[in-house]
Amino acid sequence: MMSRVLVTGAAGFIGSHLVDALLGRGVRVVGLDRRRVGEHALADENLAEAVGSPLFTPYCLDLAVDQLDDLVAGCDTVFHLAARPGVRPSWSRESLDYTQTNVLGTHRLLEACTRQGVRRRVVASSSSVSGPADRPSRDEDPTCPVSPYGVSKLAAEQLCLAYARRADSPLSAVALRYFTVYGPRQRPDMAIDRILYRGMWPVGAAAARTLGPW
Ligand SMILES: NC(=O)c1ccc[n+]([C@@H]2O[C@H](COP(=O)([O-])OP(=O)(O)OC[C@H]3O[C@@H](n4cnc5c(N)ncnc54)[C@H](O)[C@@H]3O)[C@@H](O)[C@H]2O)c1
């Protein structure tokens, strides 16, 4: 039974669902996000259930900048979901934030975990680490990211695995390569939200009427 876990990206789409699921199992959860609860509308919306729980403690910190040791100390497991997501925006002027958050932020978190002896890490990677394919991808296919986002996610997952593979390491790491995740609280920049709610395709408007808001 886990006694205390850290979820990075806790105020985000997937992270907030993970927080709710862990709290539902009686786990004490420390949430890290650079969106501040009480000041950021999305954080308030996504964590509406969690903030009422005595098992949940949210912290507003930037992975790439702030001191992380105090937060990871005493955690059995770190679920690392904080990231700058999105393939297309990673080609924008904000491109450097992808490296800053996804690579440097992950590396800083791993160093803090090592210093504090956190034994288990689960990292959110992405299907974007694969290149274009003319058939369904397999786990063992060579990686070939074609965007700064994909490169940053591949670097993050490989850093996590490298820290766990060190001969003297008592740590384990799992990298999960998510494909398109959808459902309540989904990010508005993602295709499924745009298709359903912003009439990108004619079928989207009809489907949105049938399904109602998630
Ligand atoms: N949504 C998908 O379909 C999908 C697909 C593949 C991979 N992923 C991965 O899953 C994870 C979660 O994605 P999501 O869709 O929930 O994204 P999201 O944007 O909703 O959540 C990410 C959270 O991380 C936080 N964050 C970003 N930079 C930070 C920093 N420097 N310090 C602290 N917090 C920071 C954001 O404020 C946000 O709340 C990400 O790692 C993403 O790359 C998502």
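Listing for the model above:
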{"item": "Matching option when the condition is within 19 Å of V19 (Cα to Cα), within 13 Å of the ligand (Cβ to nearest atom) and not polar (S, T, N, Q), among P89, P58", "result": "P58"}
{"item": "Residues satisfying the stated conditions in segment 40-66, i.e. assigned to a loop (DSSP other than H, G, I, E, B) and in contact (Cβ under 8 Å) with a residue 24 or more places away in the chain", "result": "H40, L47, E49, S53, L55, L61, D62, L63, A64"}
{"item": "Given (1) part of a helix (DSSP H, G or I); (2) surrounded by 13 or more Cβ atoms within 10 Å (Cβ to Cβ), index of the condition G86 fails", "result": "(1)"}
{"item": "Residues within segment 142-179 that are in a loop (DSSP other than H, G, I, E, B), under 19 Å from the mean Cα position of the chain (by Cα) and in contact (Cβ under 8 Å) with a residue 24 or more places away in the chain, tallied", "result": "2"}
{"item": "Qualifying positions in segment 34-48 - out of contact with any Leu (no Cβ under 8 Å at 6 or more places or on another chain) and not aliphatic (A, V, I, L, M)", "result": "R36, G38, E39, H40, D44, E45, N46"}
{"item": "When residues of segment 117-141 are limited to those that are in a helix (DSSP H, G or I) and buried (at least 17 other Cβ atoms within 10 Å of the Cβ), the one nearest to the ligand (Cβ to nearest atom)", "result": "S128"}
{"item": "Cβ-Cβ under 9 Å pairs, at least 6 apart or on other chains, segment 6-18 side closer than 16 Å to N102 by Cβ and in the same structural domain as V123 (by TED's automatic domain parsing), far side within 8 Å of the ligand (Cβ to nearest atom) and acidic (D, E)", "result": "T8/D33; G9/D33; G12/D33; G15/D33"}
{"item": "Test: V5 is modelled with pLDDT of 95 or more and within 22 Å of A156 (Cβ to Cβ)", "result": "yes"}
{"item": "G26 being outside any helix (DSSP H, G or I), surrounded by 17 or more Cβ atoms within 10 Å (Cβ to Cβ) and on the phi > 0 side of the Ramachandran plot", "result": "no"}
{"item": "Residues satisfying the stated conditions in segment 90-124, i.e. more than 20 Å from D168 (Cβ to Cβ) and among the aliphatic types (A, V, I, L, M)", "result": "L96, V103, L104, V122, V123, A124"}
{"item": "The listed residue being assigned by TED's automatic domain parsing to the domain that holds L161 and within 11 Å of the ligand (Cβ to nearest atom), out of G38, G31, G52", "result": "G31"}
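The values are calculated or read from the model by the stated rules, or taken from the named source; none is laboratory data. Predicted model only: the values in this text are computed from it and were never measured. Quick reminder, even Gly has a Cβ in these numbers, built from the backbone with ideal geometry, and neighbours come from all protein chains shown.
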